[in-house]
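So the structure is just underneath, and the comments pick up after that.
The values are calculated or read from the model by the stated rules, or taken from the named source; none is laboratory data. Source: prediction; values computed, not measured. Neighbour counts are summed over all protein chains in view; Cβ atoms, including those assigned to glycine, are modelled from backbone coordinates with ideal geometry. When the accessible area is computed, the model is the full protein with side chains, heavy atoms only, and any ligands, DNA or RNA have been set aside. Shrake-Rupley method; radii C 1.70, N 1.55, O 1.52, S 1.80 Å.
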Amino acid sequence: MTASSPPAGIGAERPSTLRLLTGRPVRGLLTIAFLTRTTAATLPILLLLALADAHGYARAATVGGTYTLVLALCDPLRGRLLDRCGPRTLLAMASATTLLLALVAASIHFTWPWPTTLPLVIAATLTSPPRSTPPCAAPGGACPPGRPS
């Protein structure tokens, strides 16, 4: 090897980072991860502020704390359900969560009694997609043998 020749592999063309991130298996995973993690991060704060305005901070903290506790306890169960039933389950779970969160917003806007908001928040939490999405959940993702694709 002479001083003017580049080491092997440096002159070779490598795919760009953007191309890797927008490739088939990664694109779906990134989309799912972004949507589920954004919801999980912003919803407790938004619930607290909206409920505090309508019902006071003590009741808002009760609902927000319940949401966080149920989210933490049920995340592995939702992940297992997604593993067993496949990625189409994710769409149904996200649709149910959207509908239930719309009912939560209506209950806050129309100031329904706060005990009616709590079961809606728990149900929305139970139906929300898991935050840690397995690789086979992405459309076209690589599933190990024996798992639904």
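In table form, for the structure just shown:
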item: ³J(HN,Hα) computed for each position of segment 66-79 - Karplus, 6.51 cos²θ - 1.76 cosθ + 1.60, integer Hz, glycine/proline x; result: 4, 4, 5, 5, 5, 4, 5, 6, 9, 4, x, 5, 5, x
item: Rounded to whole Hz, the Karplus (6.51, -1.76, 1.60) HN-Hα couplings of segment 49-65, x for glycine and proline; result: 5, 5, 6, 5, 5, 8, 10, x, 6, 5, 5, 5, 5, 5, 5, x, x
item: List Arg24, Arg80, ordered by accessible area with a 1.4 Å probe, largest first; result: Arg24, Arg80
item: Using θ = phi - 60° and Karplus 6.51 cos²θ - 1.76 cosθ + 1.60, couplings along segment 109-126 (whole Hz; Gly, Pro as x); result: 5, 8, 6, 5, x, 4, x, 7, 6, 4, x, 5, 5, 4, 5, 5, 5, 5
item: Interchain or long-range residues, amide H under 5 Å from Gly86's placed H; result: none
item: For Ala96, net neighbour charge (Lys/Arg +1, Asp/Glu -1) across residues whose Cβ lies under 15 Å away; result: +2
